[in-house]
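Quick notes on the structure that follows.
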Amino acid sequence: MRGRTTCSAAALVALCSFGFASPVAAQADEQVEQNDRGTDDGEQADSSDDVIVVTARRREESLQDTPIAISAFSSEMLQDRQIQQTQDLERITPSLQFKPAGQLSGNSSSSVVFIRGVGQVDPTAAVDPGVGIYLDEVYLGRAVGGAIDFGDIEGVEVLRGPQGTLFGRNTIGGAILVRTRQPEIGVFGGRGRFRVGEDNLYEGFGALNIPVGETVAARVSGGFRKRDGYVIRAFDGLDLGNEDSYSLNGALKWEPSSDFDLYVRGDYNRRDENGAPFTFAGINEQAPVAAIVSVAAGCPGATIPFAPLTPGDPRFGAPNVPLIDDPRCANDFQARGDFVNGGTADVLSESEVWGIAATGNINLTDVVSMKVISAYRETDSRGIRDADNTPFLLITTDVGAQSAQFSQEVQMQLDWTGVSAILGGYYFNEVTHERATVPLSFPPSPPVIGSILAGGPASRDLQVSRLETDSLAVFGEVSVEPVSGVEVTGGLRYTTDRKTFQGTVFNLFPANQPDPDPLPSLAIPEGGPLFIFDRPFTDTFSALTGSANVQYRFSDAVSAYLSYARSFKSGGVNTRYNAPPAGFVPLPFDEETVTSYEVGVKTNFAGVRVNLAAFQAQYDDIQLIFRQGVVPLLFNAGEARIRGLEGELSYRSPWGLIVDAGAGYLDDEIQTITPVPGATATVAPGDDLPFTPDLQANFGIAYEFDIGGGTTLTSRIDGSYTSKITFITGSVPVIEEDGYFTGNASLSLDLNDRFEVTAGVINVLDERYLIQGNASLGTLGYAERIFARPRNWYVQVSAEF
């Protein structure tokens, strides 16, 4: 049982006092004076009059005038609240869960993202995410690419609920929009920061804006982060959960006239780390694989019912490992603590991501404009994990993937008196080559069992896959104002996804032999070893999705809206097998859909913004994980209903007080689970959906003291609460988080808005809580989990010119 730090009464009172207000709709992507909707970007205004500009409807408009549930954050707000990368956004955004080290990946940068209970727990290339992540309007196709460090960014928007009309496929849960800083023409300037902290933290970042003539400007930036891990392997002292990354960015902007500009940007990020900080959570002592390795190790009293053992042998019997404290036994006595890993297999987490994009904006007339977005990206990643986190070989996964994507989008926009419209086309192509090798003490065939009992190698599953997606879409949305104060919007999108899979999937015994070269090409019916035929399998998924909303502005300070949205996430085929599927062809799964209804109110009185939303979503044909033996497979086998309430509050006083607060309440119900012949369900009606806590709440309070001479001192505390959360489909108590409160504190000294020194503490209450978990207790018998990093301090110096 893990220990917990109990929240102080003061902390809980502070949290509850902000009650149902939801995370602050950020202080602004771009804050501009409330002039004619067109003041210069970045111009600051009084807190009571500033306008938060968002692009959730693919055009710039005020947050308060946008009939969508959005949280928007400026780079300054993210820095103040210690939000350094995309996975930190869950601390300040309602109904968002953004977790590292996706199940089965072993890669710390492989993201699992859910909004309002909708996402995808499997980060492999065969499965599309349920939340779209966009970098400067470019969709990021892979889970690894979604882990973004917040270096030279302008702002972030989190759109909650289906976004299928304007953002297309794979946004059934929502979308996260990250915008970088563009070069400023005619300005020479820069900024930088350097941070040191606990666990040998060293972090630096710098950006430089360079004018190149009267119509061109360039911007370059780079950063690095190094920090020791906080989980130690007992076997070799390796620190897991360490950070070792660097990034480079370059951009060029050409604006020859007010009617045309071209923005070209490139980015590069590399991470070379020891492995995700998983630790042992538990073992099912009656699981076959746990019993096999225990018998082989000589565990007293352990039994298995597999040949070559026979009745009469004391080791023969139903799978069982006695619960005794003996290192030869794979049981719960293998636990080493929350921050000690007991594994001995190789571990690794590395990724390399780069991309280039060009965006052109053309004003064709006073009311018609065009935008063209072209992008190419590549992702190369590998993660190795010792899933059981013990000295035994229950299962180890080694997954590597190389992906290349190209996207092209064209938009035509109309902005005429009383009418705004957008019409667009989108093309996306992605090719992924994936190699997954899985050493495990299975299957229980006599040769494999005999080898293991003799101290020899077990077997190894090998899966080499090529996956290609071609997606084509056309979309349009029109907003009209039939009468003053009323806006009616409707949109449609037609998407067709063509997916192709070809795989070489088989089992190698003994496991220590190298991959065959060349790989075999014949399936078992053809006299070869492959579980599926080595040929392309293609399927097409098409859908017409849409959205509609009505907004009424009661006054400049109050508006309300009612909206409908429907979106889909395409299907695919399962690529992981430990035995041949029926017909020696891959098992497909179909698309899933979300239909959502929402009502919201947005207010802004005397510098206090309060935005509220209530919604109900029907989640159909859910792609759920079932198991066939040791293998997790996706099937469309569920329906769920999700209801929720969300809000956001922001206040900037004229005397230095800053208050941000937020909360989201979710009520999810799995209504039906459809049985799948030959597979075991991991979830049942009444279970919670994964990554769907009932309550998330957060607050931030800061006070700025003017101490004269252009110097200010700002003290700040931030806190967030998350109720009980599960990390996989189904209920496995040892990897469920019962709920936690965590807080940060900082003190900053600012000199003339040029230099700043900040000292702070992350997880100031030293709360011990889970951020990830995974289990396969039926056949394999293991459960693993990741705890958050304990309390740690930092000191940062930053400068700007």
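The values are calculated or read from the model by the stated rules, or taken from the named source; none is laboratory data. Just so we're clear, the structure is a prediction, and the values are computed from it rather than from any experiment. For neighbour counting, all protein chains shown are included, and Cβ atoms are generated from backbone atoms with ideal geometry for every residue, glycine included. Protein only, heavy atoms only, side chains kept; ligands, DNA and RNA dropped before computing areas. Shrake-Rupley method; radii C 1.70, N 1.55, O 1.52, S 1.80 Å.
Data overview
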read-out	value
At q = 0.14, 0.28, 0.32 Å⁻¹, base-10 log of I(q)/I(0) for the range 493-541 (Debye sum, equal scatterers on each alpha carbon)	-0.48, -1.06, -1.18
Protein accessible area in the chain, 1.4 Å probe - carbon and sulfur %	58 percent
Kyte-Doolittle mean at least 1.0 and Cα axial length at least 15 Å: DSSP H helices in the chain	none
Positive minus negative residues near residue 493 (Lys, Arg vs Asp, Glu; Cβ under 15 Å)	+1
Two-site FRET efficiency, residue 423 against residue 524, from Cβ-Cβ distance with R₀ of 51 Å, rounded to 0.05	0.50
Accessible-area ranking of 666, 645, 208, largest first, probe 1.4 Å	645, 208, 666
In range of the label at residue 715: residues from the range 639-667 whose backbone nitrogen is under 18 Å from the point 7 Å along Cα→Cβ	653, 655-660
Reachable aspartates and glutamates from residue 226, criterion Cα separation under 15 angstrom, eight or more residues apart if same chain	149, 198, 199, 203, 239, 243, 244, 272, 273, 350
Listed residues 445, 403 arranged by accessible area, highest first, probe 1.4 Å	445, 403
Per residue accessible area of the range 606-665, 1.4 Å probe, in Å²	31 Å²
Centre separation in Å (Cα based) which lies between the range 514-583 and the range 690-769	36 Å
Partners for residue 724 among aspartates and glutamates (Cα-Cα distance below 16 Å; same-chain residues under 8 apart left out)	90, 667, 668, 669, 687, 688, 694, 736, 737, 738, 767
Taking only Cα atoms of the range 220-273, radius of gyration then Dmax in Å	19.4, 64
Under 21 Å from the Cα of residue 371 - lysines, other chains or at least 8 residues apart	253
Net lengthening on full extension, residue 674/residue 248 (0.36 nm per residue, minus Cα-Cα)	148.6 nm
Accessible area per residue, Å², the range 205-328 with all protein chains present, probe 1.4 Å	43 Å²
Which labelled figure in (1) 0.97; (2) 1.10; (3) 1.17 is Rg/Rh (Cα atoms, Kirkwood Rh), once derived from the coordinates	(1)
Rounded to the nearest 10 Å², the accessible area of residue 519 at probe 1.4 Å	60 Å²
CD proxy at 222 nm, helix term only [per DSSP H run n ≥ 4: -39500 (n - 2.57); per residue of the chain; nearest 500]	-1000 deg cm²/dmol
Residue order for 801, 98 - accessible surface, 1.4 angstrom probe, largest first	801, 98
Surface per residue (accessible, 1.4 Å probe) for the range 436-574, Å²	42 Å²
